[in-house]
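The values are calculated or read from the model by the stated rules, or taken from the named source; none is laboratory data. Predicted model only: the values in this text are computed from it and were never measured. Virtual Cβ from ideal backbone geometry, glycine too; neighbours counted across all protein chains shown.
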Amino acid sequence: MKIKIGDLVADRFHVIRLLNQHFLEGWKRFDPEGRKNRGLLSLMRRHRWKLSEEQRKRLAVYLKANPVLEALYTAKQDMALLLTQKSLNAKKASQLIPDLLRLIDQFAASPLKSLADTLTSWLEPVARMWRFSRNNGITEGFHTKMEMISRRAFGFRNFHNYRLRVLALCGWNGVINRV
């Protein structure tokens, strides 16, 4: 599969972030009190494979009391594991598609239907994500830096001054073109 100009490739960070946001919203509907527990919130946000043995046990005790939430959590973790696959060849990437569709179907039959709808509409860019490692991390970094410049200055009234500050702090080649 060759990528052409105009073909979208989903950004892994944002897809996993979307998955977590939908899961946390669904959790809020099932157990609003449990959602307020900061320790539990921390455990639910993390990838299962990054939890210590003690953390896994604490989470398992909580999830046993909430079977629907346990099923959603398991599906979320399976999806996160699937989405973190990187730089696969075409054959391996195509082998993951049935798993992706199965998980989307699971979400569609659950309270996370809106997540399933979003993933379905972004199916091709998400599948391209496995093959191509492009992301917008550099753009995000510059955007954050530019927002910090604007916040520190309490906004700029003069765009030229703002532009000079951005060029100075984000790096430039020494030439300022007049626009």
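Remarks
- For the range 1-17, a residue qualifies if it is surrounded by fewer than 16 Cβ atoms within 10 Å (Cβ to Cβ) and modelled with pLDDT of 85 or more, and the qualifying residues are Phe13, His14, Arg17.
- Hey, Asp31 out of contact with any Ser or Thr (no Cβ under 8 Å at 6 or more places or on another chain) and not assigned by TED's automatic domain parsing to the domain that holds Ala127 or not: no
- One residue from Glu140, Glu124, Glu54 being in a helix (DSSP H, G or I) and closer than 23 Å to Trp27 by Cβ: Glu54
- In this structure, Leu59 qualifies as of a type in the set (A, V, I, L, M, F, W, C), over 22 Å from Leu115 (Cα atoms) and buried (at least 16 other Cβ atoms within 10 Å of the Cβ).
- Residue match in the range 82-90 (condition: without any contact (Cβ under 8 Å) to a residue 12 or more places away in the chain, in a helix (DSSP H, G or I), of a type outside the set (Asp, Glu) and more than 15 Å from Leu18 (Cβ to Cβ)): no
- Residue match in the range 100-121 (condition: more than 22 Å from Leu24 (Cα to Cα), in the same structural domain as Arg17 (by TED's automatic domain parsing) and assigned to a loop (DSSP other than H, G, I, E, B)): no
- Which listed residue, of Leu69, Leu24, Leu100, is surrounded by 12 or more Cβ atoms within 10 Å (Cβ to Cβ), within 14 Å of Pro125 (Cα to Cα) and among the aliphatic types (A, V, I, L, M): Leu100
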